[in-house]
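For reference, the structure discussed in these notes is given below.
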Amino acid sequence: MSTLPPIPATRLLGKSGIVVSSMAWGMWRFAGRSVAEARALVEAALDSGITLLDTADIYGFDGSDGFGDAEKLLGRVFAETPALRDRMVLATKGGIMPPLPYDSSPAYLDTALDASLRRMGILRVDLYQIHRPDILTHPHEIARFAEKAYALGKIGAFGVSNMMPAQTAAMLAFMPRDLPLSTIQPELSPLCLDAITDGTLDLALQHNLAPMAWSPLGGGRIAAPTNAREIAIAAALDTVATVHGVSRTAAAYSWIMAHPAHPIPIVGSQHVDRIREAADAHKVTWTRESWYAVLVASRGEKMP
Ligand code: NAP
């Protein structure tokens, strides 16, 4: 049995020079709690070695209200405990402006970034990401926005999310030399293999992009599988989890990180214990056989 190499606890955020933990914690489900509860979650992530924290201006939006609420809540945590800001690499996103779906025009992103900074009570965010591709904006225009924001010291690095490989490639081509594209953020889990099969992670390898994997548990379905495919994936993960004495979810995070692009799973739980438990992912080692067994369970058919 050949064993895959262990995953280092830290990694570079693409070509940005910024060092981050190999796992991240996300704030999609963060809004709507007290500042004390919010602070406990942030501290749980930081104390368990997670230094990369991911939010977005739209997190908290419920379809009619709440735009900006996750950033506002984080801002209140910072106001109460300013030292927390220095312990993290903070990422946010913009470009979805409800009810108008997507806007990545420089004029809009300028105001969106300023509004994000204002809500969080900070002058600079470490990573700014385009949340979803805006078909109507030329990548050159997006690069122009990023270059200006970087020159003004408002962002430390730049990334994109949910772009198809060709869209990311177009973005790469227009980035200025002093601000390379650093990150991508596709959905990726044992349940969602698109980034593995559609060239997204290969592009990350080719251009040294750090992939941040959203919904690494398929929104929780890996913890609570409901159909035959999900149950088969859970069983393949359980086989490895049992050997290493960790939870199935820790095995799932680790399965994601074992890809040679070392995707960064964004832990989505808003429970202190589950956030802490995520670090168990580093206790897992994979053999080629066990890694492919999860892939096969997800595909629902043998490899060709
Ligand atoms: P996830 O880890 O796939 O799902 C988290 C959900 O699973 C939570 O509701 C959690 O509930 C639940 N869960 C149930 N059992 C669990 C267990 N044993 N351990 C951990 N969680 C369990 O991640 P996600 O929340 O969908 O997404 C993670 C992050 O990805 C987001 O916060 C955001 O930063 C990012 N994201 C980005 C995009 C994008 O378009 N770029 C889209 C979606 C998400 P509890 O909270 O009760 O533990």
Quiz item: Taking Cα pairs under 8 Å and at least six residues apart, what relative contact order does the chain come out at, in percent?
Solution: 20
Quiz item: How would Met1, Met212, Met303 line up by accessible area, probe 1.4 Å, largest first?
Solution: Met1, Met303, Met212
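Count the net charge of all other residues whose Cβ sits under 12 Å from the Cβ of Arg229, scoring Lys and Arg as +1 and Asp and Glu as -1.
Overall, the nearby charge balance is 0.
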Quiz item: Can you list the residues, at least 5 places off or on another chain, whose amide H is less than 5 Å from the amide H of Val89, using H built in the peptide plane?
Solution: Leu52, Leu53
Practice problem: Name the long-range amide H neighbours of Ser22: under 5 Å, sequence gap of 5 or more, or other chain; modelled H, no Pro or chain starts. | Solution: Thr10, Arg11
Quiz prompt | segment 255-270 - phi-based ³J(HN,Hα) in whole Hz, Karplus 6.51/-1.76/1.60, Gly and Pro as x | solution = 4, 4, 5, 6, 4, x, 7, 6, x, 9, x, 9, 4, x, 5, 10
Quiz prompt | Rel. contact order, % - alpha carbon contacts under 8 angstrom, at least six apart, segment 210-304 | solution = 36
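Skip the ligands, DNA and RNA, and give the accessible area per residue of the chain with a 1.4 Å probe, whole Å². Before the final figure, lay out each step's value.
Details: 13150 Å² over 304 residues.
Solvent-accessible surface per residue comes out at 43 Å².
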Quiz item: Summing +1 for each Lys or Arg and -1 for each Asp or Glu, what net charge is found among the other residues whose Cβ lies under 14 Å from the Cβ of Phe61?
Solution: 0
Quiz item: How much length, in nm to one decimal, is gained on full extension between Ala169 and Ala36, taken as 0.36 nm per residue of separation minus their Cα-Cα distance?
Solution: 43.7 nm
Quiz item: Residue-wise, which Karplus ³J(HN,Hα) couplings in Hz belong to segment 13-30, taking 6.51 cos²θ - 1.76 cosθ + 1.60, θ = phi - 60°, and x for glycine or proline?
Solution: 8, x, 8, 6, x, 7, 8, 10, 5, 6, 10, 10, 10, x, 10, 4, 9, 8
Quiz item: Per residue Cα convex hull volume for segment 180-299, in cubic angstrom?
Solution: 98
Quiz item: Using only helices, what value at 222 nm comes out for the chain when you add -39,500 (n - 2.57) per DSSP H run of length 4 or more and divide by the total residues, to the nearest 500 deg cm²/dmol?
Solution: -12000 deg cm²/dmol
Self-check item: Share of carbon and sulfur in the accessible heavy-atom surface of the chain [1.4 Å probe, %]
Solution: 57
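The values are calculated or read from the model by the stated rules, or taken from the named source; none is laboratory data. Keep in mind that what you see is a predicted model, and the values were worked out from it rather than measured. FYI the Cβ positions are ideal-geometry reconstructions off the backbone, even for glycines, and counts take in every protein chain you see. SASA here: full protein model, heavy atoms, side chains in, ligands and nucleic acids out. Shrake-Rupley method; radii C 1.70, N 1.55, O 1.52, S 1.80 Å.
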